[in-house]
Amino acid sequence: MLDFIIIGGGTAGLSSAVYACRANKTALVIERDSFGGQIVDAPNVENYPGIVNISGAQFASDLFDQAEKSGASFKCETVLKIVPEGACTTVVTDTGKYTAKAVIIAAGCEHRRLGVPREEDLIGNGVSYCALCDGAFFKDKTVAVVGGGNAAFTDALYLAGVAGLVYIIHRRDGFRAEQALIDRAKELNSVRIITNAVVKQLHGDGELDGLTLDVNGVAQKIDVDGLFVAIGQQPDNAAFAPVALDTDGYIVADDRCRTNIRGVYAAGDCRAKTVRQLTTAAADGAIAVDTALKEMF
Ligand SMILES: Cc1cc2nc3c(=O)[nH]c(=O)nc-3n(C[C@H](O)[C@H](O)[C@H](O)COP(=O)(O)OP(=O)(O)OC[C@H]3O[C@@H](n4cnc5c(N)ncnc54)[C@H](O)[C@@H]3O)c2cc1C
């Protein structure tokens with residue numbers, strides 16, 4: 001039997017593996033796609049304390065090397081279900097079955113895409129899903145935020161402190177965001193709100209430089225340097241039942257990363273939390289291992 005099985009090879013999962021191995025425990029990381037997780041798509045990371053600037057791919061590669069050198073083992077498989085059995089938990093994948101004293105779910109989440117042509121190609125070249133991560137790259141520039149909920153308005157207010165001009169583009173007339181956020185945005189000269197508008201086209205040769213909107217059925221082109229898509233995130237945690245999820249599908253875990261199931265912990269973007277960043281993913285990895293060491297060994 002293994003000591004730790006870690007589901008997901010992103011920042012939270014690989015950080016968990018480093019901490020587990022350094023505690024002299026065996027750790028298997030199971031990843032369905034490519035090791036490194038979401039951050040692989042980021043051209044520049046400038047907010048990880050102690051690292052001034054690094055590409056997301058290099059960050060992921062360094063973290064993978066660190067986990068490997070610490071002694072972690074790895075499998076490229078998709079976890080289909082977990083079966084808690086009291087003192088241990090069995091993890092069933094598309095090709096195998098593994099049992100460990102502690103399981104850390106670090107399955108991340110995905111940002112919802114707008115679904116416009118060239119969106120994927122322009123990620124990191126003007127298209128972003130994270131104002132906190134990438135806002136600083138648009139100092140004094142013009143950006144657009146798409147969305148009408150709290151996330152979109154929080155992003156727009158944050159960006160208003162960095163960029164020169166911020167458009168908020170929303171497909172409806174009314175917003176789901178709290179009124180206080182809407183009022184603050186409306187008070188700012190650097191924020192312009194365009195309602196009943198849908199992004200139809202992304203312009204720019206290699207780098208985004210404009211959008212074509214459909215505003216009430218009329219095409220309108222605006223010049224922007226950045227587009228922040230804030231239409232929600234999608235966790236994919238259904239496979240981990242009976243682990244409890246909140247109404248948005250995130251795993252419910254306490255500040256020690258404990259789920260409702262003994263011996264099963266949640267770390268990183270897959271859990272209910274307020275800040276989804278590399279720092280918090282890495283921190284969760286350390287905390288989940290520390291809690292498991294105290295409870296299961
Ligand atoms: C483009 C972009 C830029 C970003 N820039 C920054 C930045 O500059 N600074 C910053 O702090 N944060 C940034 N972030 C956010 C940061 O990447 C995330 O907060 C962080 O990656 C979360 O790590 P995680 O390990 O929780 O999840 P993830 O990185 O999402 O990793 C989860 C992994 O689990 C795997 N997985 C899921 N389900 C299963 C399953 N059933 N079986 C096996 N494997 C599974 C997934 O394939 C994935 O690899 C950025 C995000 C994006 C998308």
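The values are calculated or read from the model by the stated rules, or taken from the named source; none is laboratory data. Keep in mind it's a predicted model, so treat the numbers as computed, not measured. All Cβ positions, even for glycine, are placed from backbone atoms using ideal geometry, and neighbour counts span all protein chains on display.
A quick yes/no check of all residues on (1) over 19 Å from the mean Cα position of the chain (by Cα); (2) in a loop (DSSP other than H, G, I, E, B); (3) surrounded by fewer than 19 Cβ atoms within 10 Å (Cβ to Cβ):
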position: THR247; (1), (2), (3): no, yes, yes
position: ALA282; (1), (2), (3): no, no, no
position: ALA286; (1), (2), (3): no, no, yes
position: THR291; (1), (2), (3): yes, no, no
position: LYS294; (1), (2), (3): yes, no, yes
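One residue is enough: does region 110-133 have a residue meeting the conditions under 30 Å from LEU181 (Cβ atoms) and in contact with a His (Cβ under 8 Å, 6 or more places away or on another chain)?
Looking through region 110-133, at least one residue is under 30 Å from LEU181 (Cβ atoms) and in contact with a His (Cβ under 8 Å, 6 or more places away or on another chain).
Please find, within region 216-236, the residue that is surrounded by the most Cβ atoms within 10 Å (Cβ to Cβ) out of those that are in a strand (DSSP E or B) and of a type outside the set (A, V, I, L, M).
Here is the first cut: in region 216-236, the ones in a strand (DSSP E or B) are 218-223, 226-229, 233-235.
Pick out the ones that are also of a type outside the set (A, V, I, L, M) and you get 220-221, 223, 226, 228, 233-235.
Details: GLN220: 13, LYS221: 12, ASP223: 12, GLY226: 23, PHE228: 29, GLN233: 18, GLN234: 11, PRO235: 19.
Checking each candidate, the answer is PHE228.
Confirm whether GLY164 is away from the ligand (no atom under 12 Å from the Cβ), touching a His at 6+ places or on another chain (Cβ under 6 Å) and of a type outside the set (Lys, Arg).
Numbers: away from the ligand (no atom under 12 Å from the Cβ): yes; touching a His at 6+ places or on another chain (Cβ under 6 Å): no; of a type outside the set (Lys, Arg): yes.
For GLY164, the condition - away from the ligand (no atom under 12 Å from the Cβ), touching a His at 6+ places or on another chain (Cβ under 6 Å) and of a type outside the set (Lys, Arg) - is not met.
Can you name the condition, by its number, that TYR48 falls short on among (1) of a type outside the set (A, V, I, L, M); (2) surrounded by 14 or more Cβ atoms within 10 Å (Cβ to Cβ); (3) more than 9 Å from the ligand (Cβ to nearest atom); (4) not in a helix (DSSP H, G or I)?
With respect to (1) of a type outside the set (A, V, I, L, M); (2) surrounded by 14 or more Cβ atoms within 10 Å (Cβ to Cβ); (3) more than 9 Å from the ligand (Cβ to nearest atom); (4) not in a helix (DSSP H, G or I), TYR48 is out only on (3).
Somewhere in region 59-74, is a residue surrounded by 15 or more Cβ atoms within 10 Å (Cβ to Cβ) and within 8 Å of the ligand (Cβ to nearest atom)?
No, region 59-74 contains no residue that is surrounded by 15 or more Cβ atoms within 10 Å (Cβ to Cβ) and within 8 Å of the ligand (Cβ to nearest atom).
Given the conditions (1) surrounded by fewer than 20 Cβ atoms within 10 Å (Cβ to Cβ); (2) under 13 Å from SER73 (Cα atoms), report the number of the one that SER34 does not fulfil.
In the conditions (1) surrounded by fewer than 20 Cβ atoms within 10 Å (Cβ to Cβ); (2) under 13 Å from SER73 (Cα atoms), SER34 misses (2) alone.
For CYS257, only one of the following conditions fails: (1) modelled with pLDDT under 95; (2) touching a helix residue (DSSP H, G or I) at 6+ places or on another chain (Cβ under 7 Å). What is its number?
Going through the list (1) modelled with pLDDT under 95; (2) touching a helix residue (DSSP H, G or I) at 6+ places or on another chain (Cβ under 7 Å), CYS257 breaks only (1).
Among the residues of region 286-297, is any touching a residue at least 24 places away in the same chain (Cβ under 8 Å) and under 29 Å from GLY115 (Cβ atoms)? Before you say what the answer is, go through the steps one by one.
Just the residues of region 286-297 that are touching a residue at least 24 places away in the same chain (Cβ under 8 Å), to begin with: 286-293, 295-297.
Narrowing further to those that are under 29 Å from GLY115 (Cβ atoms): none.
The answer is no; no qualifying residue exists.
Quick one: is LEU213 over 27 Å from SER128 (Cβ atoms), over 25 Å from the mean Cα position of the chain (by Cα), outside any loop (DSSP other than H, G, I, E, B) and touching a residue at least 40 places away in the same chain (Cβ under 8 Å)?
Answer is no for this residue.
From the set of residues in region 150-184 that are outside any helix (DSSP H, G or I) and among the aromatic types (Phe, Trp, Tyr), which is nearest to PHE138 (Cα to Cα)?
Applying the filter and picking the extreme gives TYR167.
Scanning region 101-123 for residues that are within 24 Å of ILE7 (Cα to Cα) and either among the small types (Gly, Ala, Ser) or near the ligand (Cβ under 8 Å from one of its atoms) (or both), which turns out surrounded by the most Cβ atoms within 10 Å (Cβ to Cβ)?
Ranking the qualifying residues of region 101-123, first place goes to ALA106.
Step by step: first the residues of region 75-88, then only those that are more than 16 Å from the ligand (Cβ to nearest atom) and under 17 Å from THR26 (Cβ atoms), then the one that is surrounded by the most Cβ atoms within 10 Å (Cβ to Cβ). Which residue is that?
Across region 75-88, the extreme among qualifying residues is CYS88.
Is it true that some residue in region 199-213 is closer than 30 Å to ARG22 by Cα and more than 16 Å from the ligand (Cβ to nearest atom)? Outline the logic, then answer.
Kept after step one, since they are closer than 30 Å to ARG22 by Cα, are these residues of region 199-213: none.
No: zero hits.
Tally the residues that are more than 6 Å from the ligand (Cβ to nearest atom), in a strand (DSSP E or B) and not aliphatic (A, V, I, L, M), restricting the search to region 27-45.
Taking region 27-45 as the starting set, the residues that turn out to be more than 6 Å from the ligand (Cβ to nearest atom) are 27-29, 34-36, 40, 43-44.
Filter once more, keeping what is in a strand (DSSP E or B): 27-29.
Checking which are not aliphatic (A, V, I, L, M) leaves us with none.
Matching residues across region 27-45 total 0.
Which condition breaks for LYS200 when tested against (1) surrounded by fewer than 18 Cβ atoms within 10 Å (Cβ to Cβ); (2) without any contact (Cβ under 8 Å) to a residue 60 or more places away in the chain; (3) in a strand (DSSP E or B)?
Here LYS200 meets the rest and fails (2).
Restricting to region 216-251, what's the tally of residues that are touching a residue at least 60 places away in the same chain (Cβ under 8 Å), in contact with a Ser or Thr (Cβ under 9 Å, 6 or more places away or on another chain) and not β-branched (Val, Ile, Thr)?
Taking region 216-251 first, the residues touching a residue at least 60 places away in the same chain (Cβ under 8 Å) are 222-237, 239-243, 250-251.
Now narrow it down to the ones that are in contact with a Ser or Thr (Cβ under 9 Å, 6 or more places away or on another chain): 222-230, 239-240, 243, 251.
So of that shortlist, the ones also not β-branched (Val, Ile, Thr) come out as 223, 225-228, 230, 239-240.
Total satisfying the criteria: 8.
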